[in-house]
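Shown next, in structure tokens, is the structure this report addresses.
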Ligand SMILES: C[S@@+](CC[C@H](N)C(=O)[O-])C[C@H]1O[C@@H](n2cnc3c(N)ncnc32)[C@H](O)[C@@H]1O
């Protein structure tokens, strides 16, 4: 089993990504079609006038896209100062050409200094999976719930153990090796996330928005390349093949990446910080 990064190694990894990629979406992930699908999925759940917190916003690539067409007030937070510097530079470069208004600040998802009940929507895209253990993941989840107003939505896009294992089972049927979890990630168990969120947050929907994309790019693409040979770089997401599959309707539960739509319940007291059991290290 691959050794997981500790807190310091994860922080170093994201600092390097910020320095290396500056304002490029690659600072967050090289799989741009999935990033664009996430933006689309989240964008259609935002409304003009919403107060939105985007936690773990990296260099603001997605934050700014979310504000491009909706008149929202969005605040992007990340714990890496270089990411926020790059995000602010991106914003300055836009010269106010957005429908919504945007600001950025340095903050840690596990200890937000935002007030309680302040936001209509909280967006978290691939951030819990970058925390060092289950305790920190639960802490981050609860901080996001705390700053959400009752009735507000938490839009949480994370890599799940269930989606990852189902995709790898499909690959194995066709003689393809498993795709490992990167060492800086701890994919979440979707059932444990839902149970840790309860009763403050109720799950309204678990969207498998990327399922067809994963089948197209992680199973069909390598199989075709293997069968036909030729110059295809299977791992390169910047291809017409990937862009085309990102436009297909989602079928099945084969996407590692899933969107949880949670609603904060009125009158539920914030649960204590005791952490429910779960999320044991998952073998690859
Ligand atoms: C995979 S990137 C996701 C970026 C962005 N949400 C997006 O939509 O592309 C993960 C980001 O989470 C940030 N992050 C990791 N741990 C964090 C923490 N404890 N508090 C705030 N941000 C954190 C990293 O610095 C990195 O920018």
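Bear in mind that the values in this text are calculations on the coordinates, not laboratory data. Values in this document were obtained by computation on a predicted structure and should not be read as measured data. Cβ: placed from backbone, ideal geometry, glycine included. Neighbour counts: every protein chain shown.
You can think of it this way: the chain between residue 235 and residue 30 has 72.8 nm of extra reach, that is 0.36 nm per residue less the Cα-Cα gap.
Highest mean first, the peptides 70-78, 221-229 sorted by other C-beta atoms within 10 Å per residue fall in the order 70-78, 221-229. Each peptide in 91-101, 121-131 gets a packing score, the mean of other Cβ atoms within 10 Å over its residues, and the list from highest to lowest is 121-131, 91-101. Which of rounded, prolate or oblate describes the stretch 151-252 when judged by the alpha-carbon gyration tensor and an a/c cut-off of 1.5? It is prolate, given that a/c is not under 1.5 and a/b is the larger ratio.
With the simple model of a label 7 Å out from the Cα in the direction of the Cβ, residue 16 to residue 135 spans 2.7 nm. For the chain, the relative contact order comes to 20 percent (Cα pairs under 8 Å, sequence separation of at least 6). Would you please classify the overall shape of the stretch 76-121 from the alpha carbon gyration tensor, given that a ≥ b ≥ c denote the square roots of the eigenvalues, rounded means a/c under 1.5, and beyond that prolate means a/b larger than b/c while oblate covers the rest? Since a/c reaches 1.5 but b/c is at least a/b, the shape of the stretch 76-121 is classed as oblate. Between helix 134-147 and the chain there is an angle of about 50 degrees, using the helix long axis and the longest principal axis of the Cα atoms.
Once the gyration tensor of the Cα atoms in the stretch 1-160 is diagonalised, the equivalent ellipsoid follows with semi-axes of 23, 19, 14 Å, ordered largest first.
Rounded, prolate or oblate: which fits the stretch 1-90, taking a ≥ b ≥ c as square roots of the Cα gyration tensor eigenvalues, rounded meaning a/c under 1.5, else prolate when a/b beats b/c? Verdict is prolate for the stretch 1-90. Shape analysis of the stretch 99-153 based on the Cα gyration tensor places the equivalent ellipsoid semi-axes at 20, 14, 11 Å, largest first. Here is how the number arises for the chain: DSSP H runs of 4 or more residues each give -39500 (n - 2.57), the sum is divided by the residue count, and the result at 222 nm is -11000 deg cm²/dmol. Distance between the 7 Å Cα→Cβ label points at residue 103 and residue 251: 4.7 nm. Put simply, the Cα atoms of the chain extend 56, 47, 37 Å along their principal axes, the longest span coming first.
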